[in-house]
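Novice: This is the structure I want to talk about, given as structure tokens.
Throughout, read-outs are computed from the coordinates displayed, never taken from laboratory work. In this text, all values refer to a predicted model and were calculated from it rather than measured experimentally. In this analysis, Cβ positions are derived from the backbone assuming ideal geometry, glycine residues included, and neighbour counts consider all displayed protein chains.
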Amino acid sequence: MALEREWLTRKRRIDPRLDARGWHLSAGDSTPLRGPYRTEEEETDSGPADYVLWLDRHPAAAVEAKKLAVGPQEVLKQAERYARGLRKSPYYFDGLKTPFVYSTNGEVIWFRDVRHPLNRSRRITDFHTAEALSEFLAT
């Protein structure tokens, strides 16, 4: 298991978790989804983000994925780097263009609400649903 490559971790572990929480994969620009969805390998000014979660066609979260053998807490900063480089976002929180960031190895998930600089990252049991992120945004 420890030798599982990142793409396999994504397909076996992360994609099913995102699907289960309602973050379905977008079919591309030709058929944009109306509800919440995710994109993969989203181009940013800092390179491709593994995933971006979208609410109302705005980027709500950048997600950094790592292979199972890598601890995701240490790579949350990478998700923040991609959030800084996102294009076409109405959000701006001290340079970050998503309100939320995640990092995961498919088993452990770290989350940070970046809207306030004093918010600390924390380990969570699963990705938030679109409804939960919408509630966070409303507060």
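Novice: How much length is gained if the chain between residue 69 and residue 41 is pulled fully straight, taking 0.36 nm per residue apart and subtracting their Cα-Cα distance, in nm to one decimal? Kindly include the intermediate steps, with their values, before the conclusion.
Specialist: Values: separation 28, 0.36 × 28 = 10.08 nm, distance 2.10 nm.
Between residue 69 and residue 41, full extension yields 8.0 nm more.
Novice: All other residues with a Cβ under 9 Å from the Cβ of residue 85 taken together, and with Lys, Arg as +1 and Asp, Glu as -1, what is their net charge?
Specialist: On the way: positive: 81, 84, 87, 97; negative: 43, 45.
Around residue 85, the surrounding residues sum to +2.
Novice: Here is a further query. Of 127, 86, 44, which is farthest along the charge dipole of the chain in the positive direction, counting Lys and Arg as +1 and Asp and Glu as -1 at C-beta?
Specialist: Selected residue: 127.
Novice: Another question about this same structure. Mind putting a number on the dipole of the chain about its Cα centre? Charges go on the C-beta only, +1 for Lys and Arg and -1 for Asp and Glu, and I need it in Debye to the nearest 20. Intermediate results must be reported in sequence, preceding the final value.
Specialist: Numbers: 23 positive and 21 negative charges, 44 e Å.
In debye, rounded to 20, the chain gives about 220.
Novice: GluC sites (Glu not before Pro), restricted to region 34-132: which are DSSP loop and have at most 16 other Cβ atoms within 10 Å?
Specialist: In loop regions of region 34-132 (DSSP not H, G, I, E or B), the sparsely surrounded GluC sites (Glu not before Pro) are 43, 107.
Novice: Where does each of 9-18, 96-105 land if you order them by average Cβ count within 10 Å, highest first?
Specialist: 96-105, 9-18
Novice: Here is a further query. With equal scatterers on the alpha carbons only and no solvent term, can you work out the Debye log10 of I(q)/I(0) for region 52-103 at 0.19, 0.30 1/Å?
Specialist: Values, matching the q order: -0.57, -1.11.
Novice: Okay, next question. Quick one: net charge of residue 7's neighbours, Cβ under 13 Å, K/R +1, D/E -1? Intermediate results must be reported in sequence, preceding the final value.
Specialist: Details: positive: 5, 10, 11, 12, 13, 66, 67; negative: 4, 6, 15, 40, 41, 50.
Neighbour charge sum, excluding residue 7 itself: +1.
Novice: Rounded to the nearest whole Å³, what is the per residue volume of the convex hull around the Cα atoms of region 6-138?
Specialist: 100
Novice: Sticking with this one: In the chain, how many lysine pairs have Cα atoms under 17 Å apart, counting only pairs 8 or more places apart or on different chains?
Specialist: 6
Novice: Over all directions, the average projected area of the alpha-carbon convex hull for region 71-139 comes to how many nm²?
Specialist: Working: hull surface 19.2 nm².
It is 4.8 nm².
Novice: Choose one of 95, 9, 110: the residue whose Cα lies farthest towards the positive end of the charge dipole of region 6-138 (beta-carbon charges +1 Lys, Arg; -1 Asp, Glu; about the Cα centre).
Specialist: After comparing all options, I get 110.
Novice: May I ask what percent, to the nearest 5, of DSSP beta bridges between residues of region 31-139 are antiparallel?
Specialist: Taking every DSSP beta bridge with both residues in region 31-139, the antiparallel ones total about 75 percent.
Novice: I would also like to ask the following. Extension gain residue 77-residue 136, at 0.36 nm per residue separation less the Cα-Cα distance, in nm?
Specialist: 19.1 nm
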